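A.B. asks: Dropping a structure here in structure tokens format, bear with me for questions.
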Amino acid sequence: MIIKWFKWKIFFLAILFICIQMTLVHAMAVGRITPDLLLLWLAFYAFLIDYHWVVAWAFLLGLMKDLLVDSHFGLETISLIGGALVLYQIAKRFDRYSRLVHLWGTFVFCLVTLFIFAVLHSVVSERFVLNQDILIRILGITVYTTLISPVFFFIFRFVFKINPKKKQYELF
Amino acid sequence: MYFPQTVDWGRGVSVSIIQPFLEGVRALTHWTEKQKELVAGLFHLREENERLTKEVESFEQQKVALKEAQQENVRLRHLLDFQRSSKWQALSAQVIGRDLSHWTNDVVINKGAQDGIKLDMPIVNGDGLVGKVIQVAPRASKVILLIDAESRASALVQETRDAGLAEGDGKPFLKMTYLDLHSDIKVGNTVVTSGLGGIYPKGIPIGEIIQIAEDNQKLSLSAVVKPYVAFSKLEEVLCLVVDRPNDAASLTDSF
């Protein structure tokens with residue numbers, strides 16, 4: 001049985017983003033700060049594709065990330081689900097086609113996801129201390145990801161041929 | 001890592017699945033870089049002189065390709081020097097992917113179990129110690145870098161022979177702990193592996209001491225070590241085949 005929310009195109013794009021995150025994104029690093037394409041992808045999915053299933057995708061992507069990262073298993077999944085729940089509420093309660101909402105929604109989503117991960121990681125790993133350095137890094141990654149989000153949203157829109165205005169009219 | 005075997009197995013499988021994609025992206029990157037340099041070269045030619053003939057254009061293109069090959073040659077020669085001077089067999093590998101998470105420091109290399117890579121194999125490059133293998137898939141492996149928070153290596157200061165532990169904490173520098181309070185270590189001293197841990201052979205260069213301080217309890221000294229390896233620029237590495245690391249002879253003379 002094919003699950004209703006599962007789309008192969010989206011799945012393969014997610015794998016592509018994982019590969020890009022592991023290779024090309026490191027060329028965009030400012031110091032040790034790199035943007036997070038997977039978070040951008042989930043934000044785009046919630047705002048412009050279908051926010052109802054964003055938590056399910058967050059679970060799947062988190063699981064994939066957990067399998068590829070040598071950290072405590074499950075932390076990536078939990079933090080992505082936590083962030084996706086916030087993202088779901090933002091997409092549901094606000095005008096999800098507004099560019100301003102995209103910006104601050106992406107910012108909040110990234111911040112929450114990275115913060116949840118850092119807190120959980122500091123709880124399970126004695127060598128990971130949630131200090132000022134980590135908090136600054138979280139903020140740096142969040143700001144960087146948010147700043148490049150308009151460019152990626154533009155590319156995603158082009159790829160998926162999404163016209164937000166058109167969709168908005170369909171509501172009435 | 002204390003995870004169930006199924007998770008380790010799952011991680012091995014996932015690295016195998018993603019390896020062809022990473023190879024593809026890497027090939028694409030190389031191609032793009034070559035094209036970029038080619039275009040830059042052409043622009044340069046156009047601006048420089050319109051009198052240049054097609055023959056010269058082809059020379060310029062060759063020059064770009066040669067430059068790339070030359071740089072690669074220098075890096076590989078550096079690795080080869082290391083391989084010749086060391087007493088262990090080494091397998092060369094290329095870095096095809098980097099860490100996916102913001103909080104870990106690891107790389108994926110294009111050699112796996114089928115090429116003879118084993119768990120805990122020390123990884124080096126021409127500059128010094130890089131890390132060790134933590135996951136092995138048939139055609140790719142994952143290497144934890146020395147600067148990762150979970151990474152530790154038994155080390156000693158080459159000049160004073162003081163032993164300690166070189167630890168990563170996710171930052172670009174290493175911390176060397178448990179040094180004798182009365183040791184004569186100085187800024188600029190070289191830190192090498194001591195071979196005591198049983199994983200890394202003795203004498204592989206790690207880095208240079210840039211700062212010394214007493215620890216919080218004032219029972220020992222700790223030092224900040226600047227690694228010789230540029231971890232953000234890793235391209236080619238060597239996997240050392242060390243059968244009995246504890247009995248391995250010193251590499252110190254080689255450097």
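The values are calculated or read from the model by the stated rules, or taken from the named source; none is laboratory data. Not measured: the values here are computed from a predicted model. Neighbour counts run over all protein chains shown; Cβ positions are idealised from the backbone, glycine included.
A.B. asks: Mind telling me which of the residues A:16, A:60, A:42, A:24 ends up being surrounded by fewer than 23 Cβ atoms within 10 Å (Cβ to Cβ) and away from chain B (no Cβ under 11 Å)? Can you show your working first?
C.D. replies: On the way: A:16 fails: away from chain B (no Cβ under 11 Å); A:42 fails: surrounded by fewer than 23 Cβ atoms within 10 Å (Cβ to Cβ); A:24 fails: away from chain B (no Cβ under 11 Å).
Matching residue, one of A:16, A:60, A:42, A:24: A:60.
A.B. asks: Scan segment B:170-180 for residues that are touching a strand residue (DSSP E or B) at 6+ places or on another chain (Cβ under 6 Å) and either surrounded by 21 or more Cβ atoms within 10 Å (Cβ to Cβ) or at negative phi (or both) and jot them down. Walk me through how you get there before you give the answer.
C.D. replies: Residues of segment B:170-180 touching a strand residue (DSSP E or B) at 6+ places or on another chain (Cβ under 6 Å): B:173-179.
The answer is B:173, B:174, B:175, B:176, B:177, B:179.
A.B. asks: Let me ask you something else. Hey, could you check segment B:16-31 for residues that are β-branched (Val, Ile, Thr) and facing another protein chain (nearest Cβ under 7 Å) and say which is surrounded by the most Cβ atoms within 10 Å (Cβ to Cβ)? Reasoning before the result, please.
C.D. replies: To start, the set of residues in segment B:16-31 that are β-branched (Val, Ile, Thr) comprises B:17-18, B:25, B:29.
Checking which are facing another protein chain (nearest Cβ under 7 Å) leaves us with B:18, B:25, B:29.
Values: B:18: 24, B:25: 19, B:29: 14.
It comes out as B:18.
A.B. asks: So which residues in segment A:73-94 are of a type in the set (Lys, Arg) and without any contact (Cβ under 8 Å) to a residue 12 or more places away in the chain? Don't jump to the end; show me each part of the working.
C.D. replies: Within segment A:73-94, the subset of a type in the set (Lys, Arg) is A:92-93.
Hit for segment A:73-94 is A:93, nothing else.
A.B. asks: Also, quick follow-up: Can you tell me which of A:116, A:155 is assigned to a helix (DSSP H, G or I), among the β-branched types (Val, Ile, Thr) and at pLDDT 90 or above? Don't jump to the end; show me each part of the working.
C.D. replies: Values: A:155 fails: at pLDDT 90 or above.
The match here is A:116.
A.B. asks: Here's a check for you: in segment A:95-121, which residue that is small (Gly, Ala, Ser) and either in contact (Cβ under 8 Å) with a residue 24 or more places away in the chain or under 21 Å from residue A:137 (Cβ atoms) (or both) is nearest to the other protein chains (Cβ to nearest Cβ)?
C.D. replies: Residue satisfying both the conditions and the ranking: A:118.
A.B. asks: Same structure again: Could you go through segment A:29-44 and let me know if any residue there is within 14 Å of the chain's Cα centre (by Cα) and among the polar types (S, T, N, Q). Steps first, answer last, please.
C.D. replies: Keep residues of segment A:29-44 that are within 14 Å of the chain's Cα centre (by Cα), which gives A:34-44.
Right, trim to among the polar types (S, T, N, Q) and you get A:34.
For segment A:29-44, residues within 14 Å of the chain's Cα centre (by Cα) and among the polar types (S, T, N, Q): present.
A.B. asks: Say whether the condition of being buried (at least 18 other Cβ atoms within 10 Å of the Cβ) and either away from chain A (no Cβ under 14 Å) or without any contact (Cβ under 8 Å) to a residue 24 or more places away in the chain (or both) is met by at least one residue in segment B:104-116.
C.D. replies: Taking every residue of segment B:104-116 in turn, at least one turns out to be buried (at least 18 other Cβ atoms within 10 Å of the Cβ) and either away from chain A (no Cβ under 14 Å) or without any contact (Cβ under 8 Å) to a residue 24 or more places away in the chain (or both).
A.B. asks: Only one of these is more than 22 Å from residue A:17 (Cα to Cα) and either within 16 Å of the chain's Cα centre (by Cα) or not in a helix (DSSP H, G or I) (or both): A:130, A:103, A:87, A:147. Name it. If you could, list the steps in order and put the result at the bottom.
C.D. replies: On the way: A:103 fails: more than 22 Å from residue A:17 (Cα to Cα); A:87 fails: more than 22 Å from residue A:17 (Cα to Cα); A:147 fails: more than 22 Å from residue A:17 (Cα to Cα).
The conditions single out A:130.
A.B. asks: Does at least one position in segment A:134-147 carry a residue that is more than 26 Å from residue B:135 (Cβ to Cβ) and touching a strand residue (DSSP E or B) at 6+ places or on another chain (Cβ under 7 Å)?
C.D. replies: Narrowing segment A:134-147 to residues more than 26 Å from residue B:135 (Cβ to Cβ): A:135-136, A:138-140, A:142-147.
When the remaining residues are screened for being touching a strand residue (DSSP E or B) at 6+ places or on another chain (Cβ under 7 Å), the result is A:140, A:144.
Yes - at least one qualifying residue is present in segment A:134-147.
A.B. asks: If I filter segment B:76-103 down to residues being assigned to a loop (DSSP other than H, G, I, E, B) and either surrounded by fewer than 17 Cβ atoms within 10 Å (Cβ to Cβ) or within 14 Å of chain A (Cβ to nearest Cβ) (or both), which single residue comes out as modelled with the lowest pLDDT? I'd like the intermediate steps shown before the answer.
C.D. replies: So the first thing to find is which residues in segment B:76-103 are assigned to a loop (DSSP other than H, G, I, E, B), and the list is B:86-88, B:99-103.
Remaining after also requiring either surrounded by fewer than 17 Cβ atoms within 10 Å (Cβ to Cβ) or within 14 Å of chain A (Cβ to nearest Cβ) (or both): B:87, B:99-103.
Values: B:87: 68, B:99: 82, B:100: 83, B:101: 84, B:102: 83, B:103: 85.
Of everything passing the filter in segment B:76-103, B:87 is modelled with the lowest pLDDT.
A.B. asks: Can I ask one more? Within segment B:10-47, can you find the residues that are in contact (Cβ under 8 Å) with a residue 60 or more places away in the chain and farther than 15 Å from residue A:23 by Cβ?
C.D. replies: B:11, B:12, B:13, B:16
A.B. asks: When residue A:89 is evaluated against the numbered criteria (1) over 28 Å from residue B:144 (Cβ atoms); (2) within 12 Å of another protein chain (Cβ to nearest Cβ); (3) among the polar types (S, T, N, Q), which criterion, by number, is the only one it fails?
C.D. replies: (2)
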